[in-house]
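The structure under discussion appears below in the form of structure tokens.
The values are calculated or read from the model by the stated rules, or taken from the named source; none is laboratory data. The structure displayed is predicted, hence computed values, not measured ones. Reconstructed Cβ throughout: ideal geometry from the backbone, glycine too, with neighbour counts over all protein chains shown. Ligands, DNA and RNA are excluded from the accessible area calculation, which covers all protein heavy atoms including side chains. Shrake-Rupley method; radii C 1.70, N 1.55, O 1.52, S 1.80 Å.
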Amino acid sequence: MISFQHVSLAYRTGQLALDDLSFHLRSGSFTFLTGHSGAGKSSLLRLIARLEKPTSGEIQVGNTAYSTLKTRQEPKLRRQMGIVFQDNQLLYDRSVFDNVALPLIIGGYKFKDIKTRVMAALERVNLASRYAENPINLSGGEQQRVGIARAVVARPKLLLADEPTGNLDAEISEEIMKLLLQFNASGVSVLFATHDRELLNSFKFPQLVLEAGRLSNASDASLHLHAKQAPETVS
Amino acid sequence: MKEPVLGSRWNYTQRGYALTQSIRQLRQRSAATLLTLFVLGTTLALPAVFWFGSASLSNLVNGSVGEESLTVYLSLDVPDLEGAALAKEWQEHPAIRKTTYVSRDEALALFQEQTDLQDAIAALGSNPLPGAIVVYPSSSDSASAMAENAEALAARFNQMQTVERVQIDLDWVRKLQSALNLFQIIVSLLAIFLTLTGLLVIGNTVRLELLRRQREMQVSTLLGASRSFLNRPIVYTGTLYGLLGGAVAAVLATVSYSFIKTPADQLAAQYASPFRLALPSAGQFLTIVAVCTLLGLIGGLMTVLRPSPSILTNR
Ligand SMILES: Nc1ncnc2c1ncn2[C@@H]1O[C@H](COP(=O)(O)OP(=O)(O)O)[C@@H](O)[C@H]1O
Ligand SMILES: [Mg+2]
């Protein structure tokens with residue numbers, strides 16, 4: 001599903017955020033991406049979402065080799081993945097429904113499909129009854145669930161989560177973790193960036209551990225991480 | 001599953017969404033929007049008034065030249081019969097539309113009617129006035145071609161034995177026409193500048209809207225929005241400003257035009273001109289609105305096509 005080969009990312013400031021990363025994640029896997037603050041977790045996710053371009057190295061997601069990707073193909077690539085942000089990135093000028101509907105409007109879906117898909121996604125995060133409310137009136141955990149509904153509403157094959165539980169207390173973190181597990185069970189590959197010790201300890205999934213931009217648990221650069229039980233699927 | 005109660009299904013299409021967004025932007029800041037529309041309206045109203053007016057002015061010039069005529073005074077020794085025959089003969093000429101012969105007696109009668117000099121003429125004992133042929137040149141497309149035609153005819157008449165003197169009537173029209181031409185050039189320049197100002201007002205306003213929509217654009221980009229999806233609401237906002245500003249301009253122009261109408265008509269009447277200012281037609285009104293809408297569209301496109309720093313990436 002995701003493969004990095006000798007990928008480095010230096011920001012314009014000269015900051016080397018990621019240094020020579022190589023790894024491969026299977027389709028349908030659930031992987032933790034962990035490391036201290038500033039280790040490069042967000043940078044790695046941004047590379048996958050093509051919000052940054054690597055300074056060197058080759059990234060491939062699904063059948064798409066990023067080195068040959070044209071700028072105008074990037075939006076389509078992004079539409080094929082779901083992203084959950086730490087600061088949820090909801091729009092407070094519209095209802096919960098309209099927030100979740102946005103990826104479908106962008107994707108040009110039919111109104112009928114938008115209605116059923118949005119309501120189904122809200123159902124899964126247990127917020128269907130709140131669809132007409134402004135997200136500002138929802139609690140932090142509820143808002144994050146709206147963010148998750150929005151990330152999965154277009155049924156992506158890959159879900160990237162950037163510390164979605166960062167600002168939430170343990171109980172709600174676990175709730176969100178369970179939601180992500182559900183999506184993973186239905187075949188979605190999940191890459192979950194977090195430094196939440198409790199989560200990492202209670203859920204035994206493969207981890208990509210970043211330390212100052214380097215993979216610290218990958219002594220050998222071609223380390224392959226596998227999902228616990230997920231069979232290899234064609235992506 | 002629960003059936004959600006939603007707004008129009010059209011709001012959930014790509015174009016409908018863009019339009020809803022731009023209308024919402026305009027309405028949320030209604031005071032600022034109204035102010036902008038007023039500025040836009042007044043800026044564009046002046047070119048609109050000029051345009052309405054210049055249509056009427058060319059009517060005046062061309063209409064009056066259509067009436068242009070030459071009065072050819074014949075020698076005193078040409079008898080009426082010969083004069084009338086001459087008039088008839090000239091009428092056959094392709095450059096001449098119509099001729100009328102004014103006999104010596106008719107000329108005297110006209111003269112007496114229009115002046116208080118009856119006594120003086122009576123004292124002369126005989127009729128001092130020559131016969132005359134009024135020549136109406138064939139009409140041409142343009143006022144200047146018409147004038148040239150009259151000029152050429154006058155030159156030819158002047159060479160004839162039987163002709164005493166040629167007078168080109170309504171010469172003042174031509175002088176007025178030159179003055180009006182100059183006036184129109186000045187006014188057109190002014191109109192161009194004001195229209196450009198309108199374009200800049202729209203461009204600038206749209207740019208501000210763009211900054212205000214920054215967050216929505218960022219989120220949409222993260223969700224995979226294409227360039228055109230991001231740009232569409234901005235272009236629509238520009239077009240809406242053009243449309244509404246154009247409507248304000250057209251109304252303002254019509255109102256101010258109706259203020260000008262009465263004094264202008266009175267002035268024309270003093271010069272015995274049949275010219276009257278026509279109030280703008282519905283077609284003209286709509287043309288103003290359409291042109292301003294186009295202006296708004298251009299303003300919006302200018303804004304989105306201007307290279308702007310990428311909202312997301314650092315390079
Ligand atoms: N846009 C940026 N410009 C310059 N440096 C950045 C930028 N984003 C992140 N960095 C730097 O890159 C490193 C990795 O950051 P980040 O990927 O956000 O780490 P994490 O998500 O693990 O906290 C940090 O040193 C950070 O300061
Ligand atoms: Mg981060």
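Ligands, DNA and RNA are left out, and with a 1.4 angstrom probe the accessible area of the protein assembly as shown is 50 Å² per residue.
Heavy atoms of chains A and B lose about 3100 Å² of accessible surface on contact, summed over both sides with a 1.4 Å probe. The shape of the protein assembly as shown can be summarised by an equivalent ellipsoid whose semi-axes, obtained from the alpha carbon gyration tensor, come to 86, 23, 18 Å from longest to shortest. Seen against the Cα atoms of chain A and their longest principal axis, helix A:170-185 is set at about 80 degrees.
Of the residues making up the stretch A:102-140, those losing 50 Å² or more of accessible area when the isolated chain is joined by the remaining protein chains, with a 1.4 Å probe, are A:ILE105, A:ILE106, A:PHE111, A:LYS115, A:MET119, A:TYR131. Legend: residues in the stretch A:48-78 shielded by at least 20 square angstrom of accessible surface upon adding the remaining protein chains to the isolated chain (1.4 Å probe, heavy atoms) are A:LEU51, A:GLU52, A:LYS53, A:PRO75, A:ARG78. Of the residues B:TRP51, B:TRP90, B:TRP10, ranked by 1.4 Å probe accessible area with the largest first, the sequence reads B:TRP10, B:TRP51, B:TRP90.
Helix B:14-28 and the longest principal axis of the C-alpha atoms of chain B enclose an angle of approximately 80°.
Give me the percent relative contact order of the stretch B:70-169, please, defined on Cα pairs under 8 angstrom at least 6 residues apart. Walk me through the intermediate numbers first.
Working: 140 pairs, mean separation 45.2, N = 100.
Relative contact order, the stretch B:70-169: 45 percent.
Computed over chain B with a Gaussian network model linking Cα atoms closer than 10 Å, the most mobile of B:PHE229, B:PHE157, B:PHE111 is B:PHE111. For the stretch B:70-169, the mean projected area of the C-alpha convex hull, equal to one quarter of the hull surface, is 6.8 nm². The residues B:PHE193, B:PHE259, A:PHE111, B:PHE285, sorted by heavy-atom accessible surface at 1.4 Å with ligands and nucleic acids left out, run B:PHE259, B:PHE193, B:PHE285, A:PHE111 from largest to smallest. Across B:LEU46, B:LEU223, B:LEU180, mean-square fluctuation computed from a Gaussian network of chain B (C-alpha pairs under 10 Å connected) peaks at B:LEU223. For A:ILE2, the residues whose amide H sits under 5 Å from its own are A:LEU25, A:GLY62, ignoring neighbours fewer than 5 places away on the same chain, with H placed 1.01 Å from N.
Just checking the listed ones, B:SER188, B:SER56, B:SER30: in the Gaussian network model of chain B with Cα springs under 10 Å, the one fluctuating most is B:SER30. The string of couplings for the stretch B:280-287 from the Karplus curve (6.51, -1.76, 1.60, θ = phi - 60°) is x, 7, 4, x, 5, 4, 5, 4 Hz, one whole number per residue in order, with x for Gly and Pro. Entry note, chain A: relative contact order of 33 percent, from Cα contacts under 8 Å with a spacing of 6+ residues.
I'd like the antiparallel share, as a percent to the nearest 5, of DSSP beta bridges with both residues in chain A.
Around 45 percent of the beta bridges assigned by DSSP in chain A are antiparallel ones.
Couplings 3J(HN,Hα) of the stretch B:232-244, computed from phi: 3, x, 6, 5, 4, 4, x, 5, 5, 4, x, 4, 5 Hz, in residue order, whole Hz [Karplus 6.51 cos²θ - 1.76 cosθ + 1.60, θ = phi - 60°; x for Gly and Pro]. Straight-line reach from A:LYS41: taking Cα to Cα under 27 Å and skipping same-chain neighbours fewer than 8 places apart, the lysines in range are A:LYS53, A:LYS70, A:LYS76, A:LYS157, A:LYS178, A:LYS204, A:LYS228. Of the trypsin sites (Lys or Arg not before Pro) found in the stretch A:54-161, those that fall in a DSSP loop while having at most 13 other beta-carbon atoms within 10 Å are A:LYS70, A:LYS110.
Loop only per DSSP, at most 14 neighbouring Cβ atoms within 10 Å: give me the chymotrypsin sites (Phe, Trp or Tyr not before Pro) in the stretch A:1-90, ordered by residue number. Let's see the in-between values first.
Values: sites: A:PHE4, A:TYR11, A:PHE23, A:PHE30, A:PHE32, A:TYR66, A:PHE85; in loops: A:TYR11, A:PHE85.
In loop regions of the stretch A:1-90 (DSSP not H, G, I, E or B), the sparsely surrounded chymotrypsin sites (Phe, Trp or Tyr not before Pro) are A:TYR11.
Backbone amide hydrogens, once placed in the peptide plane, bring A:LEU9 within less than 5 Å of A:ALA17, A:LEU18, A:ASP19, A:ASP20, A:THR55, excluding anything fewer than 5 places away on its chain.
What's the carbon and sulfur percent of chain A's accessible surface, probe 1.4 angstrom, rounded to a whole number? Whole-percent figure for carbon plus sulfur exposure: 47.
At 0.36 nm per residue, minus the direct Cα-Cα distance, what do B:ALA85 and B:VAL255 gain on full extension? Give it in nm, one decimal, please. Please report the intermediate quantities before stating the final value.
Values: separation 170, 0.36 × 170 = 61.20 nm, distance 5.49 nm.
Extending this stretch completely gives an extra 55.7 nm.
In a simple Cβ point-charge model (Lys, Arg +1; Asp, Glu -1; nothing else charged), chain A has a dipole of about 1040 debye relative to its Cα centre. The mean sequence separation of alpha-carbon pairs under 8 Å and at least six residues apart, normalised by the residue count of chain B, gives a relative contact order of 27 percent.
The 3J(HN,Hα) values that the Karplus relation (6.51, -1.76, 1.60; θ = phi - 60°) gives for the stretch B:217-230 are, in residue order, 5, 4, 4, 4, 4, 4, 8, x, 6, 7, 3, 5, 5, 5 Hz. Gly and Pro appear as x.
Under 5 Å between amide hydrogens, built in the peptide plane, is the criterion, and for A:GLU211 it picks out A:SER216 among residues at least 5 positions away or on other chains.
Roughly speaking, to the nearest percent, how much of the stretch B:70-169's 1.4 Å accessible area is carbon and sulfur? Numbers along the way, then the final one.
Details: 3090 of 5970 Å².
Here it works out to 52 percent.
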